[in-house]
Amino acid sequence: MARAIYPGSFDPITLGHLDIIRRAAKAMDEVIIGILKNSKKTSTFTLEERKSMIEACIQDMPNVSVKFFDGMTVDFARENNAHVIVRGLRAVSDFEYEMQMAQTNHSIDPDMDTIFFTTSLEYAFLSSTIVKEIGFYGKDISRYVPEPVIKMMQEKFRSV
Ligand code: ADP
C-alpha cells in the first residue's frame, strides 16, 4: 500500500495544489492532505475553512482525504503509516528550501522519502499569496482557484 502525505498551508487551496493532488492520487494508492496547524505564517482562512474548501475539491478522488497536523511532518507521516511526502515544485526558487526539507526529513527518518511533482506550466507562478492579492482587489480568480474556493474568497474579502 503506497500511502503519501501532502503537507502544506493551503490558505487557500489553488489550482496548482489541486494539480499536484490529482497527479499524486494517480501515482499513489492513497494520499492524505495535511493542513499544518502551527504554521508560522498568519493565515487568512481558518483551519476549518481550509479543510472544507479542500474537501469540496476532492469529492471525485476517493483515495484522497484531509487531516490537520501539528509538529513535524515526519511524525504526521509516521502516525498515518505513510513513507512518502509529496511536495510541488514550481520554479528553481522552490528548489533550495524543498531540497533542504527533504534531506532533513530523510535524515530524521531514513524510511521517509519525498516525491516532487513539477507543476503544470500554467500554474507555475501561482501561490496562495498571489491569489489572495488578486482576489482582494476584486479581479477574476476563476483561473487560479477551484470553483468551491471562489465563493469563499469573495465572501472573505467582502467582510474585510
Ligand atoms: P507551505 O507553507 O508548506 O509551502 P503551501 O500550501 O504554500 O504550503 O504549499 C504546499 C505545497 O504545494 C508545496 O510543496 C508547494 O511548493 C506546493 N505548491 C504551492 N503552489 C503550487 C503550484 N502553483 N504548483 C505546484 N505546487 C504548488
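Every number here is computed from the coordinates shown, using simple stated rules; none is lab data. From a predicted model like this one, the values you see are computed outputs, not experimental measurements.
A few remarks follow.
- Reported value for the range 1-52: 80 Å³ per residue, from the convex hull of its C-alpha atoms.
- Viscosity 0.890 mPa s, 25 °C: Kirkwood-radius Stokes-Einstein D of the chain over Cα pairs, µm²/s: 153 µm²/s
- Our compactness index for the range 35-77, the C-alpha radius of gyration over the empirical 2.2 N^0.38 Å, is 1.26.
- Here is how the number arises for the chain: DSSP H runs of 4 or more residues each give -39500 (n - 2.57), the sum is divided by the residue count, and the result at 222 nm is -13000 deg cm²/dmol.
- Amide H contacts under 5 Å for Thr114: Ile85, restricted to partners 5 or more places along the chain or on a different chain, H placed in the peptide plane at 1.01 Å from N.
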